[in-house]
Amino acid sequence: MQSRLEVTDLFRSAFFLCMGGHLEQVRVRNNGRRIATFLITGAELERLDNDYRAGRARVNLVQLRESLNHLRDVMFDKLRENEGRARYDDRKRGDRIDQARR
């Protein structure tokens, strides 16, 4: 059965990806601080989460590093995209008809 977890911990998210989980979505919240949240789907995520928290998790380190790099890339792309929107939200957006006439 597929389950879903919303995770803010980068290493825990990478562990889930190494164990067969899939990155469904990355969300960015901004409440004074920008926080990336990873939505992970996959089978047996509850058991994997328990193993991770109890220190029983074992993983291929090369695969973990690759998953970390992938998550960082996706996260920073999303943060930059979000930052770009927030940076110019206070500007007026008007018609640009005058620009076309020049």
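Data overview
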| read-out | value |
| --- | --- |
| Region 40-51 - residue that is at pLDDT 95 or above and part of a strand (DSSP E or B) and, of those, nearest to F76 (Cα to Cα) | I40 |
| Residue satisfying all of: in region 1-18; surrounded by 15 or more Cβ atoms within 10 Å (Cβ to Cβ) and within 10 Å of the chain's Cα centre (by Cα); farthest from R58 (Cα to Cα) among these | V7 |
| Where A36 falls short, out of the listed (1) crowded, with 16+ Cβ neighbours inside 10 Å; (2) in a helix (DSSP H, G or I); (3) of a type in the set (A, V, I, L, M, F, W, C) | (2) |
| Flag for L48 being surrounded by 13 or more Cβ atoms within 10 Å (Cβ to Cβ) and either within 16 Å of L10 (Cα to Cα) or of a type outside the set (K, R) (or both) | yes |
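The rows are residues; the columns are (1) of a type in the set (V, I, T); (2) in contact with a Pro (Cβ under 8 Å, 6 or more places away or on another chain); (3) closer than 27 Å to E83 by Cα; (4) modelled with pLDDT under 95.
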{"position": "Q2", "(1), (2), (3), (4)": "no, no, no, yes"}
{"position": "F15", "(1), (2), (3), (4)": "no, no, no, no"}
{"position": "G21", "(1), (2), (3), (4)": "no, no, no, no"}
{"position": "E24", "(1), (2), (3), (4)": "no, no, yes, no"}
{"position": "V28", "(1), (2), (3), (4)": "yes, no, yes, yes"}
{"position": "N31", "(1), (2), (3), (4)": "no, no, yes, yes"}
{"position": "F38", "(1), (2), (3), (4)": "no, no, yes, no"}
{"position": "R53", "(1), (2), (3), (4)": "no, no, no, no"}
{"position": "L71", "(1), (2), (3), (4)": "no, no, yes, no"}
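The values are calculated or read from the model by the stated rules, or taken from the named source; none is laboratory data. Here the structure is a predicted model, which is why all the values come from computation and not from measurement. In this analysis, Cβ positions are derived from the backbone assuming ideal geometry, glycine residues included, and neighbour counts consider all displayed protein chains.
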